[in-house]
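Chemist: Below is a structure I'd like to ask you about.
Coordinate-derived values only; no laboratory data. From a predicted model like this one, the values you see are computed outputs, not experimental measurements. Glycine also receives a Cβ, built like all others from the backbone with ideal geometry; neighbour counts cover every protein chain displayed.
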Amino acid sequence: MNLLDVIPRPALIALGVLVALRLWRRLAPVSYWYLIGFPVKAVRLRWTWRHIASGCGLTKKRHRWWFTTVPGLVASTGVVKVKRRFQRVAVDTKPWMKLPRPLRHGWRVTFHLLDGQVPDDYAKVCERLAHAWRVEAVRVVGSRPGRVTLQASVRDPLTNVQPATPCDDPPSGWTAADLLRPVVGVLESGASWSLDFRLIPHWMNVGATQSGKSNLINALIVALARQPVALVGFDLKGGVELSPYAPRLSALVTNRTDAVKLLAELIGIMGLRMLACREHGARDIWQLPDALRPIPVVILVDELAELFLTADKAEKDEVTKTATALLRIAQLGRAFGIHLLLSGQRIGSDLGPGVTALRAQIGGRICHRVNDPETAVMTLGDLDPDALVAARSIPPGMPGVAIVTGADGRWCRARSGYVSTAAAEQAACAFADRTPSWDQIKASGLGHELDSTDQPQIAA
Ligand SMILES: Nc1ncnc2c1ncn2[C@@H]1O[C@H](COP(=O)(O)OP(=O)(O)OP(=O)(O)O)[C@@H](O)[C@H]1O
């Protein structure tokens, strides 16, 4: 007997539809998500929102007039016991949910806050919501008066991240809008992750060993190499990290004695730029005419701790000079186009008193995977405790993932695009001709008429 004759026709059709849906999901997950997965999820979200909001403590008791023709029915809901048909009763009110909007890896949904609620109340229950909605993560991604927007991620969007900036050599690899805004990876929201030195002049890049700090520097080199900026390297790991990029570095030092001298030179350059700005009545280099604007300098420090460790008295003097110079650059560098990216495994007060003052001046924080909670606290400060939890839960198998703080103090997860040393070296060689010499850096912006081919024009 044929098996198909035994199975009823409706069951066969249902089976066929199920198989087709599974195939669709496997072969074209994006269209499946937008056309089937998300609509089903959205209906479930709306349908279950009252229970979930109540379970997460997001509902409020409100008094309502309640009318029913069948009092027993109302009593059976468990909301309230009603004897009369028309009565003022306390009911659980849920926050109003707007229509969820689909994203590539999840959805966004906005809620109207109930009286007395603040966005922070939602941030505190994100983990509960993630479990209730069966998703990887839920985060607060925006708020305005009376509204809060949450984003749910079905899958971790940071699992596969492509290099943000191609390592090839396009004829013109940058625009004025990109200047000092290198894109190094992606944010959890799917947006580009750019280290915006124009907005946040100095950054701290912290993480345990093998957490992805050097990869971030590689991504930064690839993105900045094509721009008219000077890159200066302080590689206190004996030069093993930054020397492959020497063709695109205007200066590279690999020990502390040379570092002290180079920092002194940079302070001198900063002083000259200060005078130039004063002469032209400008508050910073970005107010100077394009032709006079000095070349921005990005200082890359790898293993900051090595600059601060002391063994004897002679070293102590060097450390004091280093700490003072770095602090001066951190305080004044923004206005004069001198920026810092400080990398290290720990940037804490245990390295010496100068470090705490320096850290306070560094607005941009990038915290890769850390081994101990103190390092996360040192890096991210007293941000939302959830940021610290998120930093501690970065798995070792996801190097490059970091918690990043923005100018508004909000945090988010991000991952740098993978850039091998060879790719960054290739970019450094390809754009070697754009490396300003030390003399060019010193002379730029001081009103010295350089040959226009000598000095790159830097648009504001
Ligand atoms: N965004 C990323 N995507 C994929 N792999 C990455 C990423 N970032 C780093 N890796 C890989 O993780 C490993 C460690 O990265 P990296 O050398 O940047 O870590 P690190 O923090 O600088 O380590 P160390 O302090 O020991 O030098 C490398 O093999 C690198 O290829």
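Chemist: Determine whether the range 202-220 contains at least one residue that is over 27 Å from Ile394 (Cα atoms) and either within 16 Å of the ligand (Cβ to nearest atom) or of a type in the set (Lys, Arg) (or both). First the steps, then the outcome.
Modeler: Quick first cut of the range 202-220, residues over 27 Å from Ile394 (Cα atoms) only: none.
Scanning the range 202-220, I find no residue that is over 27 Å from Ile394 (Cα atoms) and either within 16 Å of the ligand (Cβ to nearest atom) or of a type in the set (Lys, Arg) (or both), so the answer is no.
Chemist: Of the conditions (1) touching a residue at least 60 places away in the same chain (Cβ under 8 Å); (2) surrounded by fewer than 24 Cβ atoms within 10 Å (Cβ to Cβ); (3) within 16 Å of the ligand (Cβ to nearest atom), Asp386 clears all except one; give me its number.
Modeler: (3)
Chemist: Residues in the range 333-362 that are within 16 Å of the ligand (Cβ to nearest atom) and β-branched (Val, Ile, Thr): how many?
Modeler: Selection size over the range 333-362: 1.
Chemist: Restricted to the range 245-264, and to residues that are charged (D, E, K, R) and free of Cβ contacts under 8 Å to residues at least 40 places away in the same chain, which residue is nearest to Thr421 (Cα to Cα)?
Modeler: Initially, the range 245-264 is screened for residues charged (D, E, K, R), giving 248, 256, 258, 261.
Imposing the further condition that a residue be free of Cβ contacts under 8 Å to residues at least 40 places away in the same chain reduces the set to 258, 261.
Numbers: Asp258: 25, Lys261: 28 Å.
Among residues in the range 245-264 that are charged (D, E, K, R) and free of Cβ contacts under 8 Å to residues at least 40 places away in the same chain, the one nearest to Thr421 (Cα to Cα) is Asp258.
Chemist: Out of Gly268, Gly281, Gly239, Gly233, which single residue is small (Gly, Ala, Ser) and in a helix (DSSP H, G or I)?
Modeler: Criteria check complete, one pass: Gly268.
Condition check ((1) small (Gly, Ala, Ser); (2) surrounded by fewer than 24 Cβ atoms within 10 Å (Cβ to Cβ)) across all residues:
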site: Met274; (1), (2): no, yes
site: Lys313; (1), (2): no, yes
site: Lys321; (1), (2): no, yes
site: Gly337; (1), (2): yes, no
site: Leu351; (1), (2): no, yes
site: Leu358; (1), (2): no, no
